[in-house]
Amino acid sequence: MNRKVPFQTQGSTISRHPSRLPFESPLEWSEASGARLYCGAQSFVDWNQGLGAVGVLGHRYGEVVEAIEVALRRGGVAHLPHRDESEVAELLLETVPCLNPRDWTVRFAENGSDVTASAVRLARGITGKTKVIVFEGAYHGESASDWHLCAKPPALGVPEGYPRPITLPWNAPDLYSNLDFDEIAAVIFEVNIEDPTPGMVTWLNSIADRDDVFLIADEVVTGFRLARGGACEAFDIRPDLVCYGKALGNGLVPISALCGRREPMYRLNPSHPEGYVFMSYTYAGYLPGLAAARASLRSLQDATIFDFIDSVGRDLMESFDASAVQHGVVAKAVGQAERSRFVFANAGGFTGEELWRTFIRSMMERGIAMYVANFPTIFHDEALLERTRRAMSVSLSTLEQKTVKGKA
Ligand SMILES: Cc1ncc(COP(=O)(O)O)c(C=O)c1O
């Protein structure tokens, strides 16, 4: 363990904590570029792209880097809003079809957790209700001082009696009939492993149609990835509030955004006559973040990008599935082409989790960096795919031998 930085700061992102990584002693990275991650002299094909913080444009995308450099030469923060802020907000609203530039507005922050927490607080503040619905398997960030959604079992430090969310199974609208909307302020969702069924989309949109409950779309991972307009565009969902993070700054500068119609969003104004909802971050509107968002959003205007990402992601999933069948390993690629993951069945006395860890370790030894999810970028070309396919074949063949031999 690095004694100067216990657990290497990565405890701040729970899935990067060393205890979660499938390596005895995790490597430290030194540089990243496109689809490549470098650990000193070692180079890896990087499918994880900083847990999806890096968008489909890949690590260190030239135009975003240049925009940040120019912005840094102008400054970072001031007590006034920067003149670029409303232009970046408008660009964001124009990029995503479900956000209508005529009557939607944007508030910028830094992390995904900032805006998911603010969205929930806004829904609670306006409705005067406290309960929040989340779905099994979803993650919406960390905000222990406000609401606490994700820890299983609940982590320490959250006061007793703090309102816990109501957790529902995803894609099961038939099971949602007994909800008491007199108590529910918001439904927050992300599209994770399973695409929403048509029935689920109808149910989500029916929540958005109610005027006593907020539908919050968490697009922190899916935004600018499943489609340019994220999951809401891909599945035709019309939320009340939308949260963006990660790819908005393309993994170079933290920036996040909360979007909603003017009327509820104006309740974030401290002088609102009916009372206001608190949202305040020193670095909200940080100029390099705004510059990164503008350059990223402009670079995503090229319509061919998303077809390419889709085809690379599909190829990766299909290649994994075919190789698993070939080697007799019961494993499957799940999720979307733009964000897939590999799941392994228990076999030969090993748990699926143990087999996954062995697979990830073996891929790393073969120069392919994979982790909890695969995020294709415009730099994952056929040559890198082919390297990945070959490494998958060898790694799955090793797993086959291991499971046939069985756990000693
Ligand atoms: C869907 C989703 N929402 C919110 C968050 C929180 O974002 P951040 O870690 O930037 O605070 C994450 C982080 O992984 C996420 O996956």
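The values are calculated or read from the model by the stated rules, or taken from the named source; none is laboratory data. Owing to the predicted nature of the structure, the values given are computational and were not obtained by experimental measurement. Note that each Cβ is placed from the backbone with ideal geometry, even for glycine, and that neighbours are counted across all protein chains shown.
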inquiry  = Is it the case, given these coordinates, that SER86 is in a helix (DSSP H, G or I), within 16 Å of the ligand (Cβ to nearest atom) and either in the same structural domain as ALA284 (by TED's automatic domain parsing) or in contact with a Gly (Cβ under 9 Å, 6 or more places away or on another chain) (or both)?
reply    = no
message = If I filter region 297-308 for residues that are more than 30 Å from TYR244 (Cβ to Cβ) and buried (at least 16 other Cβ atoms within 10 Å of the Cβ), do I get at least one hit?
response = no
query = Can you find even one residue in region 350-370 that is surrounded by 15 or more Cβ atoms within 10 Å (Cβ to Cβ), closer than 17 Å to ILE193 by Cβ and without any contact (Cβ under 8 Å) to a residue 60 or more places away in the chain?
reply = yes
note = Scanning region 348-389 residue by residue, the ones that are farther than 30 Å from PHE224 by Cβ and among the aromatic types (Phe, Trp, Tyr) total 1
Strands (runs of 3 or more DSSP E) lying entirely in region 211-320 (those with 1 or more residues that are aromatic (Phe, Trp, Tyr)) = 214-218, 241-244
query = For region 281-309, which residues satisfy the criterion of being touching a Leu at 6+ places or on another chain (Cβ under 9 Å) and under 12 Å from ALA337 (Cα atoms)?
reply = PHE306
query = How do the pairs read when you match residues in region 274-297 that are assigned by TED's automatic domain parsing to the domain that holds SER118 and of a type in the set (Ser, Thr, Tyr) with residues anywhere that are surrounded by fewer than 24 Cβ atoms within 10 Å (Cβ to Cβ) and assigned to a helix (DSSP H, G or I), using Cβ under 8 Å and keeping only pairs 6 or more apart or on different chains?
reply = TYR276/GLY125; TYR276/ARG267; TYR276/LEU268
Filter result for THR222 (near the ligand (Cβ under 10 Å from one of its atoms) and of a type in the set (Ser, Thr, Tyr)) = yes
query = Out of region 124-142, which residues are within 16 Å of the ligand (Cβ to nearest atom), crowded, with 19+ Cβ neighbours inside 10 Å and more than 16 Å from GLU219 (Cβ to Cβ)?
reply = VAL132, ILE133, GLU142
inquiry  = Within region 199-222, does at least one residue satisfy the condition of being of a type in the set (Lys, Arg), in contact (Cβ under 8 Å) with a residue 12 or more places away in the chain, in the same structural domain as THR127 (by TED's automatic domain parsing) and surrounded by 23 or more Cβ atoms within 10 Å (Cβ to Cβ)?
reply    = no
query = Got a number for residues in region 321-341 being of a type in the set (D, E, K, R) and part of a loop (DSSP other than H, G, I, E, B)?
reply = 1
query = Does LEU92 count as part of a helix (DSSP H, G or I) and under 19 Å from GLY112 (Cα atoms)?
reply = yes
Selected residue (criterion: nearest to the ligand (Cβ to nearest atom)) from residues of region 173-193 that are closer than 22 Å to ARG341 by Cα and free of Cβ contacts under 8 Å to residues at least 60 places away in the same chain = GLU190
query = Considering ALA247, ALA291, ALA331, which residue is crowded, with 23+ Cβ neighbours inside 10 Å, of a type in the set (A, V, I, L, M) and away from the ligand (no atom under 16 Å from the Cβ)?
reply = ALA291
request  = Could you list, in sequence order, all residues of region 101-122 that are over 20 Å from SER296 (Cα atoms) and more than 13 Å from the ligand (Cβ to nearest atom)?
outcome  = ARG102, ASP103, TRP104, ARG121, LEU122
